[in-house]
Structures are given as C-alpha cells and as structure tokens.
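A.B. asks: One structure coming up, written as structure tokens, with questions to follow.
Each value in this text was obtained by applying a stated rule to the coordinates, not by laboratory testing. For clarity, every value in this text was computed on a predicted model and none was experimentally measured. Here the Cβ is made from the backbone with ideal geometry for all residues, glycine too, and neighbour counts use every protein chain on show.
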C-alpha cells in the first residue's frame, strides 16, 4: 500500500466544492461538526435519517407533499424511504438549466451531431408527454425504447417519467430474443424504436427486430419509429416520431410517491430470464443528486461524458447530470472507430470536464501507447471516471502520465442493482495507486469474512449493512420476494451481499478484486480474477484473456484462455507469462494450461462470462449454463464445448 497519493485535491478547489459547502452547512444548520471526509462518511452511515434528511434539504429536493419521517422501516429488503413524500424525477431534471443553457451535446460516429438547450429539451418532452397522454398512457404503465444513446431517447424517457410511467430500454444491437426476454416481462404499452443504427463504420437495419417485438408484445398500443438512419424511413404499424410529438404543449409533471417505479433495469440474464430490477423515482433522485452534486462536484457549466449504451445502467446515471444543471455529452458508435482516439477528440471538441469510460478501454489505450493530452486540447478535463471492471494500477499510472497529475482518477464500483457507485471518489479525498478513494456517503460498505465478521485490510465479501434509497423496490414478477432475498440477502440475512471481493484499507480507501463467485482458490489461497488479468493483459501480445479455476471439480485445473494479438504464437509468449504469474502472484496461480481462443465470451454489457464458462467446463450442459441470447458473441462459447 503506497503512502504517496497519485493525485491530491487542490486545497482551494476542495474548499469551493459542494462537498465542503455541505460540511459547512451541516455545522451551521444541523450542528454536525465533521473534520474531514472520513468523519463525514462515518456520520452518514451511523445516522441514516439525519444524513439523508439533511441531504434532501441541502440539495433542494422538490417535494410536492412532505414526508412523515426519513426512514419508515430500516429492514432489508423492504426499507421504506420518505413515506408520504411525493415528487417527480423529470421535474428535477428539467428545472435546473436556463432556456439557453446547453442540456445535451450529441455525436454519432459517422459525424451526425446535434445540441439541445434546456428550453428545447423542455419543449420536446412536453410534446411527447402530450402524445403519450393522447394514447391513454397513465401512471404505472410501462414505456420502453429500442434506441441508442441519443437525445430522442432521453426525451422519451423524461416524458414517460413526467407522467409517472415506468421506463425501460435496450440497445438496438441486442438480439430479438434478448430484447423480448426483457420487455415481455413488463408488458409495455408503448415502444419507441429507431429504424437502425451505425457501428464500426456499418449501418444496421433494426426494422425486422421491431416487427418481431410487435408480434411478441401484445400489450403494445403504439410503436413510435425514430428516423435515425433516414428521414424517409417507414415501417408497418408504426407512427413516425415527427407526427407523434405534439407542438405547443406545455411542460407538466405528475407528483408520484417517493417509491413509485421510475425504471426497470436488468441483470445480465446469463442463466434464465434477466432479473427486472425496479428502482424508485425518489430513491434515484436523492442518490444521483448525492453522487453528482457532492461526489462529482457537478453543476452548471460542467460537461459530463460517459461512453455507454442504453442497455447499461451508466446511461441512466449519465442523463442524471441534468438534475444538477450540467450538460450531458452523448456519443453513439464504436469507441474504436476509426481509432481509439475518437473519444478523446470528442472530449476536446466539446470541452468535457468529466470523461467516463471502462477499465478495458483504458487498458486498450495504454497498450496502443496513446497520449491523449498531447494530441488533443483537454484543458477543460478535471476528472476521469472508470468502471465496469477493476482498473489496474498500470491503468492508474497511464491516466496520470497521459492526462496530467491535475486530472482526478475516479475509479468507481457499484452496479445495476443500485444504479450507482457505492465505492468511488470525492473532491476532497486523495487518489492512491490502484485504489478506489472512499466509500460513498450513506453507503455502509464493509468487507466480511465467510462467517460475517468485518475485516480491515483483508479481502472479503463486499456487503452493505444498511439500506440505501436506490436499492431495488422489488424484482419484477417476484411476488413473494424470494428471488430478491436469494439474489442479495444470502448468506447474510438482512445484509446486502453484492458478489464482489473487496479490501477496505485502514485509510478508508478500497480495492476491488473481481467477482466472488469466480474466485481462484488454489491450495486454499483465494485470489480475485482481476489480479490475474492485470498480469496477463499487461502483455502487448495478449489482446484479451479468461481465467477459469475448476479445482473444486477436477483437482489442480487452472486454465487460462488467451486471445493473442495478430502474428503472435503461444510458444512465443507462454514462457514469459508463466514467469510473470509465478513472480507477481504465486507458483500456485500459474495455469496448468494456456489455450488460444478467438474471442472471450461476454455479456451484452461487456462482462467476461467467467461463471458460465466454468459451469460448461464442469460438465453443465451449455443450454443450462448460459442463455446465448444474453451474450454479445454467443459463438465464442464454441471453444469451451466438449469436442
């Protein structure tokens, strides 16, 4: 553990942050004196009612009806937040910016671009809301979208939320079965869909998928066709966006209870139907306000970019920048077309202040020896966010060297299940090499031993011991709550088990080691897969990798599957890989076999399929181990099937 921070907060800027302002406000208005961030976090997790009650007052949450108390029940699952309160997410999102302030900047990989001011966004949302009302859409109805990260998707979502309808979305590159598995569960009444999309230099027609969904979803009253590839696009039994949206409509927002369903997100669905994760309007408002206003220090003038699709929770997080009056920067297309520099050029063109991406993207930039700050004017950039997988220490170093020591490295960890990060960064907390700076406010995150004992500076199960507002209200169709309890509250009843390995350092920072259900357990020594990938994927010769430990089924079998760079042979790289793993990890963690494959199977959200592959190798039939429709590249499974 290094004692020298990779990044330190500038004292003057830290004092001007919303986090510092919140601490001063607490002292003046609540009589709560906290010396530093760690003390603030400890207070926020020891007195939940005082913290969240203070937060909604400080950040000006717009309640239409007041609440009886902050927490009606603290049970997990089943915590009851702000009972009696009513509010509306869309009202918060659309009430922050002046009419002429830029709300959205959009670019597509082929050069299509547009901007929306807050005034224009309000007008378009009002027009779509009026059209939904004409269709008879009411509070609680479901509205879904098969659409990319683009302004009209945002408009449709905010219109639905303004009515109290419940939203859900899929990226248009999902297969028919994967989309149907998600949308048919929730019985939507309206489908917004693009005619096609562009990716990696090619255009794809989505209309056959639309027709298939219309057949599979009998509850649909209307399908709204968004002309994304061509203004002349038509499709049977659809209404063009241009004739659907109403003109001269006035913005309106229906107050809904704090725990009213805002949207349905989905688990990866690698085995069985994806879980429909239902999150509430109020829970998302207060959680995202906390994260974006305090932890990210966003406000008017900030430009927030995160590379995402509408099938990943980071889209829902990205658009919440509107809650604090910032500008949302959207990009649709491949991050590598025509080259890996495309996102950095986007950031330079639009003066992005916070650049969000994934750890694999950072690793790819590192391997290609990109120097973004040399090649682009990134002077506006003050922070870089990374999630989706643990960011390696080498990734931390590359960011610091390539972007400059003034750029805060915000490696964060959370999940779709809460639609937030519960371990991350803060404007007044240093960044240490390879570490997530802090546990976020109100998130009682701990590392636990198998028998439920808290650990310090030891790797254990990541648990959350107290409720958070954005935890799922319920899982769709889970009438008894049994699936919710099985998913999150075993083996620790009443405590959220997230499924990651984590180590909490004595200074309050954290290290994530990968999924706890895909641990490498060799000779009694447990190790997260992220540590293994850090060593293997540091080699330029290795494009991707997957490590599987089947020791519990076949003693001593640790297999490393490699996707090699062009022109590289296994004979050339294997001896050095073995040596590096023996030195960096242990002799026990040197694989019994290295196997070359064409590609690593990944979920639709880009996660490596460690557990499904492990099941297949252990003899589970492939159709029981994983749903092919949940995979971005299902043919990649062939390499693991019995010959």
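A.B. asks: Provide the packing ranking of 241-254, 222-235, i.e. peptides ordered by the mean count of other C-beta atoms within 10 Å per residue, highest first. Kindly include the intermediate steps, with their values, before the conclusion.
C.D. replies: Details: 241-254: 15.7, 222-235: 17.8.
Going from most to least packed, we get 222-235, 241-254.
A.B. asks: Right, here's the next one. Based on the mean of other Cβ atoms within 10 Å per residue, sort peptides 405-414, 208-217, 569-578 so the most packed one is first. Numbers along the way, then the final one.
C.D. replies: Working: 405-414: 22.3, 208-217: 17.2, 569-578: 13.4.
My ranking of the peptides, most packed first, is 405-414, 208-217, 569-578.
A.B. asks: Please report how far the C-alpha centroid of the stretch 103-135 lies from that of the stretch 530-581, rounded to the nearest whole angstrom.
C.D. replies: 46
A.B. asks: Sticking with this one: Taking the square root of 5 times each eigenvalue of the Cα gyration tensor, what semi-axes in Å does the equivalent ellipsoid of the stretch 194-352 have, largest first? Let's see the in-between values first.
C.D. replies: Numbers: eigenvalues 154, 117, 71 Å².
Each semi-axis is the square root of five times an eigenvalue, giving 28, 24, 19 Å.
A.B. asks: A follow-up question, please. Taking a ≥ b ≥ c as the square roots of the eigenvalues of the Cα gyration tensor of the stretch 428-559, is the shape rounded (a/c under 1.5), prolate (a/b larger than b/c) or oblate? Please list the in-between numbers first.
C.D. replies: On the way: a/c = 1.82, a/b = 1.26, b/c = 1.44.
Oblate is the answer for the stretch 428-559, as a/c is 1.5 or above yet b/c matches or exceeds a/b.
A.B. asks: Under 1.5 on a/c is rounded, so check that first for the stretch 355-397, then, if it is not, pick prolate when a/b is larger than b/c and oblate when it is not; a ≥ b ≥ c are the square roots of the alpha carbon gyration tensor eigenvalues. List each step's numbers first, then the result.
C.D. replies: Values: a/c = 2.21, a/b = 1.35, b/c = 1.64.
Oblate, since a/c reaches 1.5 and b/c is not below a/b.
A.B. asks: Over the stretch 519-640, what is the relative contact order in percent, taking alpha-carbon pairs closer than 8 angstrom and at least six residues apart?
C.D. replies: Working: 175 pairs, mean separation 27.0, N = 122.
Across the stretch 519-640, relative contact order equals 22 percent.
A.B. asks: Using mean Cβ contacts within 10 Å as the protection proxy, how do 447-457, 359-369 order, highest first? Please report the intermediate quantities before stating the final value.
C.D. replies: Working: 447-457: 13.3, 359-369: 18.5.
Answer by packing, highest mean first, reads 359-369, 447-457.
A.B. asks: Another question, then. Can you compute the helix-only [θ] at 222 nm over the chain? Use -39500 (n - 2.57) per DSSP H run of at least 4 residues, normalise by all residues, nearest 500 deg cm²/dmol. Could you put the intermediate results ahead of the total?
C.D. replies: Details: 21 runs with 187 residues, N = 643.
Helices in the chain give a 222 nm mean residue ellipticity of -8000 deg cm²/dmol.
A.B. asks: Using only the alpha carbons, work out the radius of gyration and Dmax of the stretch 177-252 in angstrom.
C.D. replies: When restricted to Cα atoms, the stretch 177-252 yields Rg and Dmax of 13.6, 40 Å.
A.B. asks: Compute the separation of the alpha-carbon centres of the stretch 489-521 and the stretch 424-480 and state it in Å as a whole number.
C.D. replies: 8
A.B. asks: Oh, and also: In nm, give the distance between the simple-model label positions of residue 458 and residue 204, each being 7 Å from the Cα along the Cα-to-Cβ direction.
C.D. replies: With each label point 7 Å from Cα toward Cβ, the separation is 4.7 nm.
A.B. asks: Further question: Between residue 36 and residue 248, with labels modelled 7 Å along Cα→Cβ, what's the label distance in nm to one decimal, could you check?
C.D. replies: 6.2
A.B. asks: Taking 0.36 nm per residue of sequence separation and subtracting the Cα-Cα distance, how much length would be gained by fully extending the chain between residue 401 and residue 98, in nm to one decimal? Walk me through the intermediate numbers first.
C.D. replies: Numbers: separation 303, 0.36 × 303 = 109.08 nm, distance 3.76 nm.
Result: 105.3 nm gained on full extension.
A.B. asks: Quick one: check the C-alpha center-to-center distance for the stretch 17-39 versus the stretch 267-293, whole angstrom.
C.D. replies: With the stretch 17-39 and the stretch 267-293 each reduced to a Cα centre, they are spaced 28 Å.
A.B. asks: Once the Cα atoms of the chain are picked out, what are the Rg and Dmax in Å?
C.D. replies: My reading of the Cα-based Rg and Dmax gives 23.9, 71 Å.
A.B. asks: Rounded if a/c is under 1.5, else prolate if a/b beats b/c, else oblate: with a ≥ b ≥ c from the C-alpha gyration tensor eigenvalues square-rooted, which is the stretch 577-643?
C.D. replies: On the way: a/c = 2.36, a/b = 1.87, b/c = 1.26.
The shape class here is prolate.
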